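The values are calculated or read from the model by the stated rules, or taken from the named source; none is laboratory data. No experiment lies behind these values; they were computed from the predicted model shown. Neighbour counts run over all protein chains shown; Cβ positions are idealised from the backbone, glycine included. Side chains included, ligands, DNA and RNA excluded: accessible areas come from the protein's heavy atoms. Shrake-Rupley method; radii C 1.70, N 1.55, O 1.52, S 1.80 Å.
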Amino acid sequence: MSANSADQGRLLDVVLVKSGRTKIRYAAELLTDDGTRIAVRAPWSGDGVRDFGFVRFEPGDVFTEYYWRDRWYAVKEVRDAAGALKGWYCDITRPATLSGTELVVEDLDLDLWRSADGTDVRRLDEDEFAESGLAETDPEAAAAAVAALDELEAFATVEDGLESLLA
């Protein structure tokens, strides 16, 4: 379903599910929906500051988030309150589903970070992914998740690679 001009700007609830439970739910403004890719914008919804060491997410940060109905990842462009690009945080997920005003995404533990200048590309949470047991309980999904992480890393290590996904 494509977002027409009447749909743009409406609020959706982004629901991030992990291990069958809602991990976080937050309101986001629908920017576009072309039937395959959904883009939303939301302020940082965490409590206070989250310092990863390589990036800090904090009140005032704005996330422009891209979800696909046919891909196993989500890409989140992160900007500070002044609009300066911090980088891209990518979640490995099952393909997103939009039902009514709920955009539901199942987090599969693997993540990727790329700094704004492209000098820092790092795979995250591979230990959590291994501990999740997905490789044993759903080997096809585990293989799709690892392939998605590899694909995103390839995009993240070339100039304008991630940006090309979002254009």
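Remarks
- Of the criteria (1) assigned to a strand (DSSP E or B); (2) without any contact (Cβ under 8 Å) to a residue 40 or more places away in the chain; (3) open to solvent by 50 Å² or more (accessible area, probe 1.4 Å), which one TYR67 fails: (3)
- SER45 over 15 Å from LEU165 (Cα atoms), in contact with a Phe, Trp or Tyr (Cβ under 6 Å, 6 or more places away or on another chain) and surrounded by fewer than 18 Cβ atoms within 10 Å (Cβ to Cβ): yes
- Qualifying residue in region 97-106 (condition: at pLDDT 95 or above and assigned to a helix (DSSP H, G or I)): no
- Scanning region 131-162 for residues that are without any contact (Cβ under 8 Å) to a residue 40 or more places away in the chain, charged (D, E, K, R) and open to solvent by 60 Å² or more (accessible area, probe 1.4 Å) returns GLU131, GLU136, GLU140, ASP150, ASP160.
- Count of residues meeting criterion [farther than 16 Å from GLU77 by Cβ, open to solvent by 50 Å² or more (accessible area, probe 1.4 Å) and either modelled with pLDDT of 95 or more or assigned to a strand (DSSP E or B) (or both)] in region 14-42: 8
- Condition met for SER5 (modelled with pLDDT under 90 and within 15 Å of THR93 (Cβ to Cβ)): no
- Answer from VAL62, VAL104, VAL75 - the residue that is touching a residue at least 60 places away in the same chain (Cβ under 8 Å), aliphatic (A, V, I, L, M) and surrounded by fewer than 20 Cβ atoms within 10 Å (Cβ to Cβ): VAL104
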